[in-house]
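See structure below.
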Number of protein chains: 4
Amino acid sequence: MNTFGKLFRVSIYGESHGAAVGVVIDGCPPGIPVSSEDLEEDLSRRRGGGKGATPRKEADIPVFKSGVFNEKTTGSPIHILFENKNINSSSYDEMKDTPRPGHADLVAVQKYGGFNDYRGGGHFSGRLTVGLVAAGYFAKKIISPMLVKAEITELGGLKDFDSVIEKALETGDSIGGVVQCSVENVPAGLGEPFFESVESLVSSAVFSIPAIKGIEFGAGFTGARMTGSQFNDEIIDVSGKTSTNNSGGINSGITNGNEIIFRVAVRPTASIPIKQKTVNLKTGESVEISISGRHDACITLRMPVVIETVTAIVLADLKLRKNAYTSF
Amino acid sequence: MNTFGKLFRVSIYGESHGAAVGVVIDGCPPGIPVSSEDLEEDLSRRRGGGKGATPRKEADIPVFKSGVFNEKTTGSPIHILFENKNINSSSYDEMKDTPRPGHADLVAVQKYGGFNDYRGGGHFSGRLTVGLVAAGYFAKKIISPMLVKAEITELGGLKDFDSVIEKALETGDSIGGVVQCSVENVPAGLGEPFFESVESLVSSAVFSIPAIKGIEFGAGFTGARMTGSQFNDEIIDVSGKTSTNNSGGINSGITNGNEIIFRVAVRPTASIPIKQKTVNLKTGESVEISISGRHDACITLRMPVVIETVTAIVLADLKLRKNAYTSF
Amino acid sequence: MNTFGKLFRVSIYGESHGAAVGVVIDGCPPGIPVSSEDLEEDLSRRRGGGKGATPRKEADIPVFKSGVFNEKTTGSPIHILFENKNINSSSYDEMKDTPRPGHADLVAVQKYGGFNDYRGGGHFSGRLTVGLVAAGYFAKKIISPMLVKAEITELGGLKDFDSVIEKALETGDSIGGVVQCSVENVPAGLGEPFFESVESLVSSAVFSIPAIKGIEFGAGFTGARMTGSQFNDEIIDVSGKTSTNNSGGINSGITNGNEIIFRVAVRPTASIPIKQKTVNLKTGESVEISISGRHDACITLRMPVVIETVTAIVLADLKLRKNAYTSF
Amino acid sequence: MNTFGKLFRVSIYGESHGAAVGVVIDGCPPGIPVSSEDLEEDLSRRRGGGKGATPRKEADIPVFKSGVFNEKTTGSPIHILFENKNINSSSYDEMKDTPRPGHADLVAVQKYGGFNDYRGGGHFSGRLTVGLVAAGYFAKKIISPMLVKAEITELGGLKDFDSVIEKALETGDSIGGVVQCSVENVPAGLGEPFFESVESLVSSAVFSIPAIKGIEFGAGFTGARMTGSQFNDEIIDVSGKTSTNNSGGINSGITNGNEIIFRVAVRPTASIPIKQKTVNLKTGESVEISISGRHDACITLRMPVVIETVTAIVLADLKLRKNAYTSF
């Protein structure tokens, strides 16, 4: 289902080439100031642009349909709609029967019996993340003074990655990357043991972003190769501050007051001009396709703000839930 | 909260040194045969034993308190209780004010204001996973013919890992590892776009297991270093079978009919005899502690069955949800 | 929170005098035909008109923003938006500090700290039910051949109620009524024991409609005055058909295959021209107000279709949930 | 599903003649003092006894299996188990094929394919409410200074009801009744508009109690016969105090600071010695049965404490949810 969260709840809807995409945010505290301009900073980070970015340009103008009055949140559900304007669906009809490798084309047919809107990835499109970024504006306000920051640490396998996009473009190929996210000023005690551990909720939210294929907290997979005496973070004061942070700020699913830190693996963009094999669903024949549409050569470039956003959404929900018990 | 799932729902409760741990399973179809003996195979895999295992031996005898009648499930909530019998809490009172590095000791105090049961890790103990394994019995029946299988692929950083536990024991240290899990006979179309993607739900369930710090699907972090033409799995027939499986059997959050495959990083056991620094919560002084209790040197050894279990629980829920739409 | 249901999920948003109201429907099966015209029949029933109806006329034109492609549902979230066009908020600013008796005015201030949109009842307005009615279109398709039908059985205390509205209008007063709802062709076995009994879910949905203050199933309050031998419905065949239907088609929370039947009490419209006492929130002084805006003298007249709608929504969810277990 | 609530969550399990019934309470604040004796007051009210009560006597001794340490709640899930001791299932095997009118016997077969535990009503038994009452202990502590009080206002159709039970016993029949529940010291602002209105949540919880067939808030069905000027509660001070309370302390789904008041209709006990018609499920023949087991002639007598309990559970959840937003 397309809703996330228990108290601060976010629902997204829309299709890439439909009338609109958007988000409904429920459980947002009243009185938070907001205007279209306020959202623009993060929306423009998501929009990307520059070398290797899709030529499709959407203005991403947030239209507030409910929940905001006199430029402040009211406490009622906030609905923000983004019209799809720059749509060119001509290429999709011919591709309809030849599902693109790495895309949702075939699973969508299998899941929805062929009734899905197949144009531009339909509901599965990364365009849906615009709603997440809009919701993130409120989440970031709620979690203040917590501060979420994500950045690319690796692109196409390189830590110094200036030339890698150009090379991908030249060869008609695409690249992936790694994004690291950290959260400062985290209070101890967020999260629940087991099913709603911070790792459970953050990973659940992060894997809702198209193209993410891995996540590791603190030392992560490297930590699996350490000994306990290397891995354990020694405690250096009664607030719980530790000398190292191999646990990524989370013990047994609960924040320990240190910085939260995690990294995610982003797969290379699935849409590439290089020819790939697939089948024609009607004839069953093997065919080769080349995807010439309007696509990013490196979707990773747009990821940091989306990862920040979903992390903030998780933390907003957890902060509200912690508040619920404060007076006891 | 300690409940997972939408239709097939699992709730766990208990403390390591309390009266019992257990599980309540709601939404299980009626008519599934079950006896104590049926559960024993997976329970004994979880119990472990052998070199480096804790000397605490619990018989783990499942007591069916509800939901089973004439050795078949009834359709009503199934409650299975495991009494804690082999308890020795003597060492915990003296450790109460010196939180163990890598454990929940300090976050539990911060979260619950010191009212938590601190003995043996209390509610945060890995002992709680016994309830998950019991629930997994039913989940594995529901998802048949899907077949979940997890195995250790790396221990203490080594792929050939016979000697590594002995060495850890000699040095009073502990080790971590990597577990790989695969699912065969997966139908296409399980999972939802975005917030309930298969990766979201599996990762959420897997991170509810204590000591897990990373997860990657298909090519995972290695895939982030590939190009699109290397990563994309070419489609070779109309059922969706692919020539490679870098996406781990999941496209855009939905199963594509190929094998599901993922790996998890297990941190080294936190409890080690080697001295570590912590603070005394009452005096604020830095102190050194050595943890001499009854612990595994390598918790990874018990993990495969628990990872299978939570994966089966996720898939049982998704299979039921898919069924709901079959007749339309 | 503004979401209802487990598999078939309905979320509503909007304010009476804001930009729009609308609904997001998640978990709707793909392939259901739908157009604006299809929705018009029930929308026009809700819109009312005629004697005693509000002079505010909204065209209620449903704009499909997502989830519908080629005039069929796609399986993705369906978003239907209704723009607010006929807005006249002039009277609300002056009423802002004198909360209307029987309205949400004061509780909204208390709950949202004064940030709520107070114009025309804001988010609390009955106008929000337009989204429910739109969602009901799909629910009614899903539950077919179940057939939900609601009708007014009592108005202003009278069973023969032709003249009662005119009298209310003359005196500047308003009236309430009783609506009876029945469902035919109900399969046995819908609903869950205890927390998700059919009565629990239907009542929960019905009480989400503004102005409802009571509900009774089958013999209801009259049944509380019967003896067991009068009340019990004797079973006359193996399908579960009964000779009477005092239980309203529901035993122990589960449908028994007989007609579902229940009645709801609708309070008289709160907005009346007759003078009433309230307080000025700024001065604390007692004042008298007369509500001259555009209001129905009898909101009950619009209720049958809304009650049908929420009942269909509950049954759609329960039918899908029952389907989930059919193959076991 | 057998779980209720969002933050304060209650799950019940068990069968009337199985090993045990019980409750798991999740999200209870830590530090609440509790012992077996503390629970006894409300448990004994539920147990009933006296004229017309079932001769089955259960001691109802609560066994704390988790979540309580040093006689205080820990913040972890609380599991309380009640063993079934006084079981006599001999009569149920012979009744197995002749479903009792007014009972779940037939719907249980239809829903669970005959795998259900049919003895003594199985999972559908009123015995399950013992777990609700245990959960209510904690809920009542959480909502303090709110005070919930329920009492019988009508029995067998009479307001003065001393002789009515005796008469029912003499004739081998049973009677129903009406219970009124009120809550004092209610803060304004609990509840949500629409789907989680106070009426929605309270009615949903109340209808999870077996034998309830109606509920009305404030003036309820009588209010449907009033005019607006009679019904509206005039506001007499800035805190929202009203001169009358026809809305039952709830406007538009939100508490208004006045007393919450509602009444519920309890159907007469279904089990009666008087002969009734049913069918033999194997032969299809019409048969007459007389139910001679151990039953209450008037289940209403045990209801007040159960109604208080579920009301307190709803309010505990809503109070926690309100707390979540307090600091904003």
_Please compute the Kirkwood hydrodynamic radius over chain B, one decimal place, Å, based on all pairs of different Cα atoms._
21.2 Å
*Once label points are set 7 Å from the Cα along Cα→Cβ at both B:Ser36 and A:Glu94, what is their separation, rounded to one decimal in nm?*
7.0 nm
_Label geometry 7 Å along the beta-carbon vector: A:Lys72 inter-copy distances in nm_ = 3.9, 5.0, 6.3
*segment C:216-278-segment A:142-165 distance, computed between alpha-carbon centres (Å)*: 61 Å
_Give the aspartates and glutamates whose C-alpha is closer than 17 Å to that of A:Lys282, dropping any in the same chain fewer than 8 places away, or say none._
A:Asp93, A:Glu94, A:Asp97, A:Asp105, B:Asp237
*Hey, can you rank D:222-229, D:313-320 by average C-beta count inside 10 Å, highest first?*
D:313-320, D:222-229
*Can you list the residues of segment D:245-259 with backbone N under 20 Å from a point 7 Å past the Cα of C:Thr171, pointing along Cα to Cβ?*
D:245-247
*asked:* What whole-number volume per residue, in cubic angstrom, does the convex hull of the C-alpha atoms of segment C:75-196 give?
replied: 228 Å³
*Cα coordinate range in segment C:164-318, projected on the principal axes (Å, largest first)*: 66, 30, 26
_Label geometry 7 Å along the beta-carbon vector: C:Glu37 inter-copy distances in nm_ = 4.8, 6.7, 7.7
*Under a 1.4 Å probe, what is the accessible area of chain A per residue, stated in Å²?*
32 Å²
*List the residues of segment D:169-184 whose accessible area drops by at least 50 Å² when all protein chains are present, compared with their chain alone, using a 1.4 Å probe and counting only protein heavy atoms.*
none
*Regarding the protein assembly as shown, what whole-number volume in Å³ per residue does the convex hull of its Cα atoms give?*
159 Å³
*Name the lysines eligible as straight-distance cross-link partners of B:Lys277: C-alpha to C-alpha under 16 Å, and not fewer than 8 places from it in the same chain.*
A:Lys241, B:Lys96
*Sum up the charges of everything whose Cβ sits under 11 Å from the Cβ of A:Tyr13, counting Lys and Arg as +1 and Asp and Glu as -1, but leave A:Tyr13 out.*
-1
*asked:* Skipping prolines and chain starts, which residues have an amide H placed within reach, meaning under 5 Å, of the one on D:Ala219, given they are 5 or more residues away or on another chain?
replied: D:Ser247, D:Gly248
_7 Å along Cα→Cβ, label-point gaps from C:Glu170 to other copies, nm, shortest first_ = 5.2, 9.2, 10.5
_Could you tell me the ratio Rg/Rh of segment A:219-302? Both radii from Cα atoms, Rh via Kirkwood._
1.32
*What percentages, rounded to whole numbers, describe P(r) for segment C:129-241 computed over all alpha carbon pairs with 10 Å bin width beginning at zero?*
10, 30, 37, 18, 5, 0
*So which of A:Lys111/B:Lys322; A:Lys111/C:Lys65; A:Lys72/D:Lys6; C:Lys6/C:Lys72; C:Lys6/C:Lys322 end up more than 19 Å apart by C-alpha?*
A:Lys111/C:Lys65; A:Lys72/D:Lys6; C:Lys6/C:Lys72
_In Å and on Cα atoms, what radius of gyration and Dmax does segment C:1-59 show?_
14.5, 40
_Under DSSP loop assignment and at most 12 Cβ neighbours within 10 Å, longest GluC sites (Glu not before Pro)-free interval of chain D_ = D:72-284
*What Kirkwood hydrodynamic radius do you get for segment D:161-220 when you take the inverse of the mean 1/r over all pairs of distinct Cα atoms, in Å?*
14.5 Å
*Run through every distinct alpha carbon pair of segment B:131-177 and return the Kirkwood hydrodynamic radius in angstroms, one decimal place.*
13.2 Å
*From Cα coordinates alone, what are the radius of gyration and Dmax values for segment A:1-133 in angstrom?*
16.5, 50
*asked:* What's the minimum Cβ distance from chain D to the axis relating it to A, in whole Å, and which residue gives it?
replied: D:Ala324, 2
*Using a ≥ b ≥ c from the Cα gyration tensor of segment B:208-262 (square roots of the eigenvalues), is it rounded, prolate or oblate, where a/c under 1.5 gives rounded and otherwise the larger of a/b and b/c decides, a/b for prolate?*
oblate
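The values are calculated or read from the model by the stated rules, or taken from the named source; none is laboratory data. Computed from a prediction, not measured in an experiment: that's the story for all the values here. Virtual Cβ from ideal backbone geometry, glycine too; neighbours counted across all protein chains shown. Areas reflect the complete protein model, heavy atoms only, side chains present, ligands, DNA and RNA absent. Shrake-Rupley method; radii C 1.70, N 1.55, O 1.52, S 1.80 Å.
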